[in-house]
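The values are calculated or read from the model by the stated rules, or taken from the named source; none is laboratory data. Just so you know, these numbers come straight off a predicted model, no measurement behind them. Please note: Cβ atoms are built from the backbone with ideal geometry, for glycine as well, and neighbour counts cover all protein chains shown.
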Amino acid sequence: MGLRPLRPSNLIRVMPAKEVRGIVLPRIHCITDLSSRPAESSLALLAAVCRVGVDAVQVRAKHLTDRELVGFTRDVVSRVRPLGAKVVVNDRVDVALAADADGVHLGRDDLSVGDARRQAPDGFLVGGTCRDVQHAEQARTEGADYVGVGPVFPTGSKTGLPDPVGVETLRQVAPVLPSVAISGITHDRVPEVMAAGAHGVAVIAAISRAEDPVAAARDLVTAVHRHRQRPATPEATTRAAR
């Protein structure tokens, strides 16, 4: 009789916390794009892409009021959490906590990672944004679970971004904290960013503005998992951080 795979509860009992955290971190973040479709259509699309393997939704909707944003986030949670996906709110730890989301992703001008971590319950994901190794080291010191690295490539999905940092910066940051490559990520660029050490990718246009969003999401999921790097051991991570 073959060995049964370990369930997540068993993993938590037998593996170091940092290793457990690395295993449960999502790899494919689909950022909401309410500018191109109504809320209900967005919810249906998010559920559809999570069914094909997208394992995180990042809620970003700056034009909504706080009350609307909490309501929309709760709707996202109810649609995608049963499918195994995590919900992370962009910028707003208060909204994430009020809506029972799984975490928050913080920009460089938002609440600090350390302040968010002090407010967050156990198991709440806190991600930071970084453009260089120093930002990543600061985020790690303050308790971030991962960092979003970017913009890696130019993109038309968001205006006012700084110049792209390129793949080499991603390569430098990846040993410090699990790194999610963001900006200009397409299916064709997945092998390059994963080879540079990315834990995963975050996308808007590559899914939401594709001719067939569900097929595009499936292709991204396949590419990320095909090219993902073997997780670093705790000893290797410690060495890299020195």
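Could we say that LEU170 is touching a helix residue (DSSP H, G or I) at 6+ places or on another chain (Cβ under 8 Å), at pLDDT 95 or above and in a helix (DSSP H, G or I) here?
yes
What about THR141, is it closer than 23 Å to ILE207 by Cα, in contact with a helix residue (DSSP H, G or I) (Cβ under 9 Å, 6 or more places away or on another chain) and not in a loop (DSSP other than H, G, I, E, B)?
Against the criterion (closer than 23 Å to ILE207 by Cα, in contact with a helix residue (DSSP H, G or I) (Cβ under 9 Å, 6 or more places away or on another chain) and not in a loop (DSSP other than H, G, I, E, B)), THR141 does not qualify.
The rows are residues; the columns are (1) of a type in the set (D, E, K, R); (2) in contact with a strand residue (DSSP E or B) (Cβ under 9 Å, 6 or more places away or on another chain).
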{"residue": "GLY150", "(1), (2)": "no, yes"}
{"residue": "GLY166", "(1), (2)": "no, no"}
{"residue": "LEU170", "(1), (2)": "no, yes"}
{"residue": "PRO175", "(1), (2)": "no, no"}
{"residue": "ASP188", "(1), (2)": "yes, no"}
{"residue": "MET194", "(1), (2)": "no, yes"}
{"residue": "VAL201", "(1), (2)": "no, yes"}
{"residue": "SER208", "(1), (2)": "no, yes"}
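Sort through ALA195, ALA144 and tell me the only one that's surrounded by 16 or more Cβ atoms within 10 Å (Cβ to Cβ) and either among the hydrophobic types (A, V, I, L, M, F, W, C) or at pLDDT below 95 (or both).
ALA144
What is the number of the single condition among (1) surrounded by 16 or more Cβ atoms within 10 Å (Cβ to Cβ); (2) at pLDDT 95 or above that GLY22 does not meet?
Just one mismatch for GLY22, condition (2).
Could you check region 98-125 and list, in sequence order, the residues that are under 17 Å from the mean Cα position of the chain (by Cα), not in a loop (DSSP other than H, G, I, E, B) and not basic (Lys, Arg)?
Residues satisfying the conditions are GLY103, VAL104, HIS105, LEU106, VAL113, ALA116, LEU125.
Hey, among the residues in region 100-125 that are in contact (Cβ under 8 Å) with a residue 24 or more places away in the chain and buried (at least 22 other Cβ atoms within 10 Å of the Cβ), which one's farthest from PRO178 (Cα to Cα)?
ALA101
Name the residue, out of ARG74, ARG81, that is assigned to a helix (DSSP H, G or I), of a type outside the set (S, T, N, Q), free of Cβ contacts under 8 Å to residues at least 24 places away in the same chain and surrounded by 14 or more Cβ atoms within 10 Å (Cβ to Cβ).
Every option except ARG81 fails the conditions.
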